[in-house]
Every structure is written in structure tokens, then in C-alpha cells.
Amino acid sequence: MKKVYFKTFGCRTNIYDTQIMMQNLDDFELVKDEDEADIVVVNSCTVTNGADVSARGYINSLNRKGKKVFIGGCGALSKGEELFEKGKVFGVFGHSEKEKLNKLLKKEERFVQIGDLKSLDKTIVEDYLGKSKAFIKIQEGCNFRCSYCIIPYVRGDARSQDESVILEQISKLASNGFGEFVLTGTNIGSYGKDKDSSLGKLVQNIGKIRGVRRVRLGSIEPVQIDESFREILREPWLERHLHIALQHTSERMLKIMRRRNSVDSDLELFCELKSLGFALGTDFIVGHPGESEEIWSKALQKIKEFPLTHIHSFTYSKRDGTPSAKMQEIVRGDKAKSRLKELNAIIKEKNREFRDRHKVPLQILVEEKNGDVYTGYDQFYNKMFIESKIDITKEWVDIGEYDVREDNNSAEF
């Protein structure tokens, strides 16, 4: 029986997709060490040119080791054929083909099998080996066409998984001991638009499943927070942290980026959510073409008005095949990095202020152990370090007394 190792690049959706592939692997032995493997399956990311470079570099290292390499994921659609033609990979397969992986790995001839961008997974994931929480992909694809983003072209248009499939999956995982569920997808806020439903209605039904203790959501768009979503905001099982993608706080930049949100309505929404006690995170792109010094200065002042506690910020990275890649008024790399540093410093201080103000009992799902120190995340998605003499790995612990440090909280249990 040949041995297979999986290497996953990119987002939570890719983590889920790798689990789908693993669960469909019947005639091979799964190994956790790449050096033991005969075959390596690369689940690639292509969100930036840099992501492509990372995957290509890894594949080159596998070639030097004599491994048989297969590539799936978003990078299979953007760069797969190029890698195939150069002899870097034995097989290339698209998203719709991943549930056929057991058969694909048996092929004796090299192949490119991209499939389509209309499929939805049929596999019910029943376990996440070694994980404390479970990822659930509720939809695929995106109908937005932001100027900088390649993902709709490699994931397809938005389509929602059947609610019955999602609920069955969560029920089985809950019966296997999982209590925290992270909903993921390409654009989860679009869930239900094609099924006369909504993300709010889905999450409400997830919360009714026995064993569900916390539901955590991936990134959603400001314009997707509708009345059905507002109805779940006070539910005890909903994580008290929401990640809402702003991408910028300049109206001019939002237009350049072809975004659907607007700064004033975004601020009003964030203040509403703050009043309900939520910690709030966002995505933010710094240094996109057109971001002049004046635009940046005003945007930086504006973001100080937002009650943000977390940020996933990054400097703009050109992505071939997108409208932004052809835009002029390029921001120099050193300037973009300087702006990124300014932005992160502001949000870091806001996070510390939030933790100082919200000295409330915290519910932690412990994820990892390093010596006698355990780490996990509370309901506000802040990291907690816990010193304990007993093994609390994968346990839920309630912490009433703790110290607020610069980057995290700490306690004894």
C-alpha cells in the first residue's frame, strides 16, 4: 500500500477540502511525515502571486526528493497546466475532482483533470484527527468581482450546500466530541441566496444541535448582515467575535477596488455590533494601486473611529489576471510596509483596550500544549495562555481570574 502525504496551503476552506480528500482515500496509507511518503498531494492556494511561488518552491523540493506529486486546489486552475507541462507534477485535478482522488492516484499516465466550477461536495466529514475544532464548508464560490481578487475565477460563482448536509455533518461531529464549529467557504455571507434561505437561518438551526457549544464564522461582508443575521446576535453559542471584511476605510479606494460596501454605513454597523459586546475583526489591504498619500492619511484617521479589535492586514500583492494588476499609480513596497506597520499598531492598541475593558469570565477551548503551558481562544477570539498541572488539551475551561498582557491573556488553572 503506497503512502500519501497531504500539504495544505492557504485558507480554512482548503483545510476542509484536504479533509474531504483524506476521507476518500481508501487504497492508500495516510502519513504525517512527507519523507515517509511515496506520493505528495499539494492542496494549493493562488490568492496572490506569492502563494503561487510558495507552492512552486515546495513542489520543486519534492521533485529533488523524487516524490510523485499531484496538485489540487485553486493553484491547480491557475498554474497547474504550466507545472504539468514542465514535468513538475504527475497529475493536476480541480475542485470538482477531489472526491475522486483515490482513483486519480491510481492512474498510470500523467493527467490534467480540471473538471468544472459548479460542484458541491457530497462527502460527510465525520472527524478531524488531531483537531480541537471542526471546519464546516457551507458554500462554494463568490459572485463579487473585487478588482484585486482571482478567487471567483478559480472557485466559480456562489452556490450553497444543502442545509440538510451541513446539519448532518455537524450532528455527527458533535456526537464525536466536537463542540466548536468554524463555518467556512469562499463567501459565506452569500449562503442561501440560491436556496431561499440565509446565513442567519442556517446558523440558527446549527445552534439547535445537541453538543454545539460555539459557532465561529469566517469572513462576511458588511452588506450581507441582514435582519435574519441580526436575529442570532444574542444567541449564547455564537462567538462574541465577528470578522467583517472592510478592505479599506477610504470611499475612493473602495470604488477602485470595486467593493460593495461604503465607509459611513460600515462605521454605523460596527458601532451597532460594538454596543452588543462583540469583538470585531476585519480584512484590510494596504498599498493597492491608487492609494495616494492623501488617501492613506485620511483612511488611517478614519479607521481610528472603528471599534476594531482584530485585523487581517496585508500589503497589496499583484495577482495576474485581475483588473488591479493592470492599474497604474503603484505604491512602492517600502511605503506599503510602512503603512501596514502604522495600521497594525493602531489595532493592537485597540485590542489591548478591549481586553482591559471586557474583564469578564472567559470560555476557552484549549487547543495546544507546550510544556506546562496550554493555549486556546476565548469567545472574543483572543488568545489565552494557561499554566496547568493537569492535562486540559481539547477541554473547555472557564477562566474568571486572568492577567491582561500586551498580546494575549494569561491565567492559571
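What does the charge dipole of the chain about its Cα centre add up to, to the nearest 20 debye, if the Cβ of each Lys and Arg holds +1 and the Cβ of each Asp and Glu holds -1?
Numbers: 67 positive and 65 negative charges, 187 e Å.
Using Cβ point charges on Lys, Arg, Asp and Glu, the chain gives about 900 debye.
Distant-in-sequence amide contacts of PHE385, defined by a placed amide H-H separation under 5 Å and a gap of 5 or more residues or a different chain, comprise ASN409, SER410, ALA411.
Mind scanning LYS195/LYS348; LYS88/LYS383; LYS65/LYS394; LYS195/LYS255; LYS32/LYS103 and naming the pairs with a C-alpha gap bigger than 32 Å?
On the way: LYS195/LYS348 40 Å; LYS88/LYS383 40 Å; LYS65/LYS394 36 Å; LYS195/LYS255 30 Å; LYS32/LYS103 21 Å.
From LYS195/LYS348; LYS88/LYS383; LYS65/LYS394; LYS195/LYS255; LYS32/LYS103, over 32 Å: LYS195/LYS348; LYS88/LYS383; LYS65/LYS394.
The phi torsions of segment 391-405, fed into the Karplus equation with coefficients 6.51, -1.76 and 1.60 and a -60° offset, translate into couplings of 6, 10, 4, 6, 8, 8, 10, 9, 10, x, 10, 7, 9, 8, 9 Hz, rounded to whole numbers, with Gly and Pro shown as x. With a threshold of 32 Å on the Cα-Cα distance, the over-threshold entries among LYS137/LYS389; LYS122/LYS208; LYS68/LYS193 are LYS137/LYS389; LYS68/LYS193.
What is the sum of charges around ASP372, taking Lys and Arg as +1, Asp and Glu as -1, for the other residues whose C-beta is under 12 Å from the C-beta of ASP372?
Neighbourhood net charge equals -1.
Packing-based ranking of 319-325, 68-74 yields 68-74, 319-325, ordered from highest to lowest mean Cβ neighbour count within 10 Å.
The modelled label-to-label distance between ALA345 and ARG260, using points 7 Å beyond Cα along the C-beta direction, is 3.6 nm.
From Cα pairs below 8 angstrom and at least 6 apart in sequence, can you work out the relative contact order of segment 3-113, rounded to a whole percent? Spell out each step's value before the answer.
Numbers: 181 pairs, mean separation 29.2, N = 111.
Worked out over segment 3-113, it gives 26 percent.
Set against the labelled values (i) 4, 20, 29, 29, 16, 2, 0; (ii) 4, 20, 28, 23, 11, 7, 5, 2, 1, 0; (iii) 4, 15, 19, 21, 18, 13, 7, 2, 0, 0, P(r) over Cα pairs in 10 Å bins from 0, in percent computed from this structure falls on (i). For the pair LYS369 and ASN63, label points projected 7 Å from Cα toward Cβ lie 4.3 nm apart.
Expressed in nm to one decimal, what extension gain is obtained for the pair GLU293 and ASN143 from 0.36 nm per residue of sequence separation less their Cα-Cα distance?
Details: separation 150, 0.36 × 150 = 54.00 nm, distance 3.15 nm.
Result: 50.8 nm gained on full extension.
Inter-part distance, segment 64-119 to segment 174-231, computed on C-alpha centroids, equals 32 Å. Amide H contacts under 5 Å for LEU238: VAL215, restricted to partners 5 or more places along the chain or on a different chain, H placed in the peptide plane at 1.01 Å from N.
Arranged by the count of other C-beta atoms within 10 angstrom, fewest first, what order do HIS243, HIS312 take? Please list the in-between numbers first.
Working: HIS243 19, HIS312 12.
Listed from fewest to most nearby Cβ atoms, that is HIS312, HIS243.
Annotation: amide H of THR282 within the under-5 Å range of ILE244, HIS310, ILE311, HIS312, sequence separation 5 or more or interchain, hydrogens built in the peptide plane.
Sequence-distant contacts, meaning Cα pairs under 8 Å at least 6 residues apart, place the relative contact order of the chain at 10 percent. DSSP beta bridges confined to the chain are antiparallel in about 30 percent of cases.
Quick one: which of 329-336, 175-182 comes out on top by average Cβ neighbours within 10 Å, and what's the full order, highest first? Numbers along the way, then the final one.
Working: 329-336: 13.9, 175-182: 17.8.
Ranking, from highest mean packing down: 175-182, 329-336.
FYI, it's all coordinate maths here, none of it is from the lab. In this text the structure is predicted, and so the values were computed from the model without any measurement. No Cβ is skipped: glycine too gets one built from the backbone with ideal geometry, and neighbour counts run over all protein chains shown.
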